[in-house]
1. What number of residues within segment 336-345 satisfy the criterion of being in a helix (DSSP H, G or I) and without any contact (Cβ under 8 Å) to a residue 40 or more places away in the chain?
2. Filtering segment 563-580 down to residues that are of a type outside the set (A, V, I, L, M, F, W, C) and touching a strand residue (DSSP E or B) at 6+ places or on another chain (Cβ under 8 Å), which residue is modelled with the lowest pLDDT?
3. Does at least one position in segment 389-399 carry a residue that is surrounded by 11 or more Cβ atoms within 10 Å (Cβ to Cβ), more than 20 Å from residue 328 (Cα to Cα) and in contact (Cβ under 8 Å) with a residue 40 or more places away in the chain?
4. So, in segment 35-82, of the ones that are in contact (Cβ under 8 Å) with a residue 12 or more places away in the chain and of a type in the set (Val, Ile, Thr), which residue ends up surrounded by the fewest Cβ atoms within 10 Å (Cβ to Cβ)?
5. Given 521, 472, 433, which one is in contact with a strand residue (DSSP E or B) (Cβ under 7 Å, 6 or more places away or on another chain) and modelled with pLDDT under 90?
6. If residue 293 satisfies all but one of (1) within 21 Å of residue 217 (Cα to Cα); (2) in the same structural domain as residue 146 (by TED's automatic domain parsing); (3) of a type in the set (Asp, Glu), what's the number of the condition it fails?
7. Is it true that residue 540 is in the same structural domain as residue 618 (by TED's automatic domain parsing), more than 21 Å from the chain's Cα centre (by Cα), within 26 Å of residue 602 (Cβ to Cβ) and assigned to a strand (DSSP E or B)?
8. For segment 430-455: of the residues being over 17 Å from the mean Cα position of the chain (by Cα) and over 18 Å from residue 594 (Cα atoms), which is surrounded by the fewest Cβ atoms within 10 Å (Cβ to Cβ)?
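The values are calculated or read from the model by the stated rules, or taken from the named source; none is laboratory data. Computed from a predicted model, the values in this text were never measured in an experiment. Don't worry about glycine lacking a Cβ; one is built from the backbone with ideal geometry, like all the others, and counts go over all protein chains shown.
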Amino acid sequence: MKRAVFFLNAALFFLFSPLKAISPQQELRRLALINEAEKRLIYQDTYFLKLLYYEKNLFGHIKSRNNNPDFFLSKWGRINPNLEIKSLINGLFYEGGENNPQCAFPLRYVWFRKKLNIDEKEFPRPYCSDYEDWARQINPASINLVFAAGYLNNPSTLYGHTFLLLKKEKDTNASLLDYTVNYAAATGEEKGLFFALKGLFGLYNGNFTTMPYYLKIQEYVNMENRDLWEYPLSFSKEEKENLLMHLWELGKSSFPYYFFNKNCSWQLIPLIEIAKPDLKLKEKSGLWVIPSDTAKLIVSKAGTGDFEWRPSLVNKLKRKFSLLDEEEKKAFNELKKGKLNIILENKSMARIYEVYSDFLELEFQRGKIKKNEFDLKIDPILSYRASLGPQNTFENEQKPSISPIDGHESFKIYSGKIFSKKRDYYELGIRPAFCDLLDDNAGYIKNSQLKMGDLKLRYDAKNNKLFIKELALTEINSINPISPVDESLSWEVFLGWREFERNRYPENQGIFSLKGGPGLAMERAKLSSVFFAISDMEIRVGNPLKKGWAIGAGPKAGYKFSQKKFEMLFSSGFMSFISGKEKPVLESKLEMAYNINKNLAIRVTGSISAGKEESGIYIHKFFSPL
């Protein structure tokens, strides 16, 4: 029996090892290490399973989520951790200077040496020049978690994005040369329906990359106008070394990328747990994982101090413009038209030139002007500004007191009583994510709404009937007040199922609706008010419709008022159907919310739709899904 085991191990050794030849004494030592590893069940070690991303499937079979064969030393390493351990042992006997397994997987070997108390004198560590040069270049003094605010104009970044920032020593004066650790799906240029479907079913590969921070700032802050929030994390010297070693290993990795759970945000959790073995983060994801939720979880467990904030280019520009007086704003508008007739004192002119140069930068980043036009316009402005000398133009902006991780939780349950002429209802709502226009918006994008999977169930007590009032698969509202420095359009979209407004009691038939369109908004900051108008189009499909379908268009107008904990939203829309022989629909709604705290609110609503009136009172409660 022992002889059979010997030959089996020898066969495995030559099959899966990169070695050329070893001495009989080395072979005996190799077999002794294999026997010891098997006796101690090293391949079942919790940290080893984390290190190679092994998980059990529904049938109890173990398999690594990493689908890149280069991540494993054994041909069957992805599905057999025991064979991977044996190949790991074989790597200790590697002879040759190139492609040493210990250089390819440094953290794996550091852990294994400690686990089996392997003496470095017996197996000296090789010098890995490629890894050492790379690690020396990055050389982090501290680790930050960075949250990039959501960007509603890009479906893949609706909920924001998280990545790690590897910061150098503070006295280097080169913070923009710090490196980032980013995990993202390799989607190429693919967009549209197939983009969404492939993301839902994990048909994209996700990869880790390291790149200079200034590239991320250019992408997020300047091009996509997203604020960046940096949260310092607690990492010891050994843990920082663990992180670098594992990042080097992840250069040979790829994982199935799922938009809702195994996404850019969730993948940071196992990475941080590997670098900090004593940190207990939640290892299993639910049906969905949102970047702000994982940021809250990670910072709550490993955060060390206050956050840093990098406002987006558009937010910096809006702030500076709001600080201009009326004469300065008038001069700025003239400068935009190319004719500056107003000449003010040096400080005012300096303020105007600085705002206009930022405005030109924003126009260039958004692609509204070409590079040559940008250069022609901005060069004389910078020259004029330089000629005015040092001026105390704008004080440094104070960072917000509340960041995205301090906002309300993303998962919400709400219930209420609805009153109407013919019947009363009880309503229960479940919203997996994320925010609406009446929620406490501290830490969220102002005047925005992003709801997915919002389900409203109603119970008709008189008829003992439970039915679906509405299921919003996606509902997005982006209200962008027009200003001289930002003329972005507002817009909205709804995709989902809802009750047909012309049902006859007690029918509860529904229709599928795709509705949305662009619009304009205007803000009156002194009145805490925003006015908006949307030009909507709608496609309807359903049995209640005369032809089973209908296409319509019409205007919608609204008003939003915010004052401390109180929010009010009024909207009224008219939809006329240009095909399908459906009657026009006038719908108006008034909603008021009092946010008792960030995770608890009371709401009162009143609405009229196709002549049917109803009102309701609700309680809304927010929860963390993690």
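1. If we filter segment 336-345 for residues that are in a helix (DSSP H, G or I), which is where we start, we get 336-337.
Right, trim to without any contact (Cβ under 8 Å) to a residue 40 or more places away in the chain and you get 337.
So the count comes out to 1.
2. In this case the residue turns out to be 580.
3. yes
4. Among residues in segment 35-82 that are in contact (Cβ under 8 Å) with a residue 12 or more places away in the chain and of a type in the set (Val, Ile, Thr), the one surrounded by the fewest Cβ atoms within 10 Å (Cβ to Cβ) is 79.
5. Answer to the selection: 433.
6. Just one mismatch for residue 293, condition (1).
7. So residue 540 fails the test.
8. 430
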